[in-house]
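The values are calculated or read from the model by the stated rules, or taken from the named source; none is laboratory data. Everything quoted here is computed from the prediction, not taken from an experiment. Methodologically, a virtual Cβ is constructed for each residue, glycine included, from the backbone with ideal geometry; neighbour enumeration extends over all protein chains shown.
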Amino acid sequence: MNSATVKHANHGQSTKRPSLWKDTWKKIRKKKLAMGSLYFLVFIFLFCFIGPFLSPYAGQSVNSAIINQPPSSLHWMGTDKFGRDVLTRLMLAGRISLTVGLASMVISIILGSALGAISGYYRGLPDTIIMRLADVLMSIPGLPLLLLMGALLSELKVEPEYRIYLVMLMLSFVGWPGLARLVRGEILTFREQAFMKATEVLGLKDRRKIFSHLLPNTVPLLIVVATLNVAGAILSESALSFLGLGVVPPAASWGNMIDSANSLIDFQQRPWLWVPPGFAIFLTVISINLLGDGLRDVLDPKMKQ
Amino acid sequence: MLLLFSDGGFTLKEYIIRRVLISIPILIGTSFLIFYLFALLPGDYVDSNPSLTPQRAAELREFYGFNEPVIKRYFNWIAGIFHGDLGFSFQYQQPVTKVINQFIWNSFIVSIISLVITWIIALITGVYSAMKQYSIFDSFVTFFVFAAMSIPSFFIGLLLIKIFAIDMNLLPVGGMIDVGSNTTGLAHYVEIGRHMILPVFILVLLGTGSLTRYVRTSMLEVVRQDYIRTARAKGLKESKIIFKHALKNALLPCITLLAFELPALFSGAIIIEQVFNWPGIGQVQLESLNNRDYPVLMTFTMFLSFLTILGNLFADVAYAAVDPRIRLK
């Protein structure tokens, strides 16, 4: 027997199944709402990452001749107090918001699944330590904890461009405990199953058992949770940045663009400054949530309603 | 100690004792982490007052005990908590308990009203849309749920202020009472009520989303059970099946969610209070952060963590009480 046989066994029910990804793609294509959301997300990504190259205003920074202009045929979403084109700025801010959301999800998933797997596989002392740590972090209300860490970054006078990375870390610091708990639960059920007995018989090393046999089985669940996690991270980042404790200027994010609503005159008379980024957050997050829900239906029939 | 390790079932009393014992190390860990995070923050209240001479600043630091090692300050803080001394707010020049007591009820009133409305709406729409699964109403509710889960709270707050307070001039822009108002009696309550409409509306909007979904899922799960089929087969009236047999069991997991709401009742909605300038504890938290009035923030964060742990404890115990399978596992 070689390891390939075991791999087939751990994919479960049918050995003929091509691959998780192809299978998922085939099923998700039939779901209109999830596909619509996916197309919209692709559009948002192109808008943010390719869009600025097509904009005539991308390279330009400050232009005092055209400050605070309402939307026109030249500037579709008007200009801000520095004379910058709001539409272009929306694209550039989107790059940061999307990157922060995705990156903090990736870090949470790596931390959460590694710690969850160790906890569920070894049980005993490592389990106790990791899970109590998760309990402690989950007992502290999320927003005050994030605000506190944001204030810490401000007190330490971290450079704005450097700060973005720390904001990603902050969000994953708050995000991993829930994930670790989930993965641990999955691992606890899988480790009792026949295919794990087979790895025992083969005398595989612990690391190989965890990373090639246990964790791959949690992938369907992880895909769903990861998707919803991105949505949550984008929302948290926007709230933090709105309060001035997340991504700070000159770096732009959708959250800190809405910060202009804190000035009374911009709030009352220049809605083009803060309404578009708000809708950008809302539409992106709702698409991610709807896509996540579609994926849940496809990947996890247990949770299907 | 034995009962911590036995595999067999527990009586409810044993379960509660065990559950309380588990909470204690979590509480200690939480207090340490919170204290340590605050200790990491460079700068203190004395720093934020530039008018002090270096000599006076040093005196004040000595007086407040800022110079002592972290671990000693931690134990001072914990000892203080057990003596009912929760620290002294530099900003308000008052004991922290007094500051909290002064603002927390403004937050509580908004939270409790939102909570009651949220639960009523979520229960009705959740049950109804589960009963009419895949109907137009159900699709509408599902879509609404996702929309509610995806709205940034501060943005919807700003948008509604712009529409209803500024453009249409129907509702107040923010605060708890009108500027310079000195109404009393009924007129006073009506005035506060008017200021609460938008914040409460938003909190309800944000809260109903996930709760409706939860009720709906729970209801759908119960309806699929054999005993519901049996009830149908016996020819019971549909309304009786739903309200007497299904709803009761579907609500069980929801009850535990109510226990999780405990910290939210007192935490103050930081973002909503900031946007609506509502004089609640959420605003105090942000203000303390800006003014480096850390005793207030630290004590309050610890208080919320305590409520979270307590809420989890209530949830588990309530669930074990109504569903003996939990504690027999």
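Candidates B:Asn106, B:Asn76, B:Asn101: the one that is more than 29 Å from B:Leu203 (Cα to Cα) and either part of a helix (DSSP H, G or I) or touching a His at 6+ places or on another chain (Cβ under 9 Å) (or both) is B:Asn76. Of all residues in the range A:149-170, those satisfying the criterion of being more than 21 Å from the chain's Cα centre (by Cα) and within 10 Å of chain B (Cβ to nearest Cβ) are A:Ala151, A:Leu152, A:Ser154, A:Glu155, A:Leu156, A:Lys157. Looking only at the range B:135-157, filter to residues that are among the aliphatic types (A, V, I, L, M) and more than 22 Å from the chain's Cα centre (by Cα); which one of those is surrounded by the fewest Cβ atoms within 10 Å (Cβ to Cβ)? Filtering the range B:135-157 for residues that are among the aliphatic types (A, V, I, L, M) and more than 22 Å from the chain's Cα centre (by Cα), the one surrounded by the fewest Cβ atoms within 10 Å (Cβ to Cβ) comes out as B:Ile136.
Checking each residue in the range B:1-21 for being hydrophobic (A, V, I, L, M, F, W, C) and either over 21 Å from A:Thr128 (Cα atoms) or modelled with pLDDT under 85 (or both) picks out B:Met1, B:Leu2, B:Leu3, B:Leu4, B:Phe5, B:Phe10, B:Leu12. Of all the residues in the range A:142-165, those that are within 30 Å of B:Phe260 (Cα to Cα) and not small (Gly, Ala, Ser) number 8. Restricting attention to the range B:303-312, and to residues there that are in contact (Cβ under 8 Å) with a residue 60 or more places away in the chain, facing another protein chain (nearest Cβ under 9 Å) and not polar (S, T, N, Q), which single residue is farthest from B:Asp85 (Cα to Cα)? For the range B:303-312, the residue satisfying everything is B:Ile309. Of all residue pairs spaced 6 or more apart or on separate chains, those with beta-carbon atoms under 7 Å, a first member in the range B:23-40 that is facing another protein chain (nearest Cβ under 7 Å) and a second member that is part of a helix (DSSP H, G or I) and β-branched (Val, Ile, Thr) are B:Ile26/A:Val136; B:Ile26/B:Ile309; B:Gly29/A:Val136; B:Thr30/A:Val136; B:Leu33/A:Val136; B:Ile34/B:Thr301. Does A:Leu115 satisfy the criteria of being crowded, with 19+ Cβ neighbours inside 10 Å and part of a helix (DSSP H, G or I)? Spelling it out, A:Leu115 is indeed crowded, with 19+ Cβ neighbours inside 10 Å and part of a helix (DSSP H, G or I).
Scanning the range B:204-246 for residues that are within 14 Å of another protein chain (Cβ to nearest Cβ) and either in contact (Cβ under 8 Å) with a residue 60 or more places away in the chain or polar (S, T, N, Q) (or both) turns up B:Gly209, B:Ser210, B:Thr212, B:Arg213, B:Tyr214, B:Val215, B:Arg216, B:Thr217, B:Ser218, B:Met219, B:Leu220, B:Val223. As an exercise: evaluate B:Thr125 against (1) buried (at least 21 other Cβ atoms within 10 Å of the Cβ); (2) under 22 Å from B:Gly280 (Cβ atoms) and give the number of the one condition it does not meet. Just one mismatch for B:Thr125, condition (2).
Those helices (runs of 4 or more DSSP H) of the range B:231-320 in which 3 or more residues are surrounded by 22 or more Cβ atoms within 10 Å (Cβ to Cβ) occupy B:270-276, B:281-290.
Taking the range B:120-136 as the range and being assigned to a helix (DSSP H, G or I) and closer than 18 Å to B:Ala246 by Cβ as the test, the residues that pass are B:Ala122, B:Leu123, B:Ile124, B:Thr125, B:Gly126, B:Val127, B:Tyr128, B:Ser129, B:Ala130, B:Met131. Taking the listed residues B:Ser114, B:Ser107, B:Ser139, B:Ser129, the one that is within 30 Å of A:Leu33 (Cβ to Cβ), within 14 Å of another protein chain (Cβ to nearest Cβ) and touching a helix residue (DSSP H, G or I) at 6+ places or on another chain (Cβ under 8 Å) is B:Ser129, with no other qualifying. Across the range B:177-212, the qualifying residues are those that are aliphatic (A, V, I, L, M) and assigned to a loop (DSSP other than H, G, I, E, B), and the one among them that is farthest from B:Ala147 (Cα to Cα) is B:Val179. Residue count for the range A:260-282 satisfying the condition of being charged (D, E, K, R) and either facing another protein chain (nearest Cβ under 7 Å) or surrounded by fewer than 21 Cβ atoms within 10 Å (Cβ to Cβ) (or both): 1.
Considered as a group, the residues in the range B:55-88 that are among the polar types (S, T, N, Q) and at pLDDT below 80 include one that is nearest to B:Leu40 (Cα to Cα), and that residue is B:Asn67.
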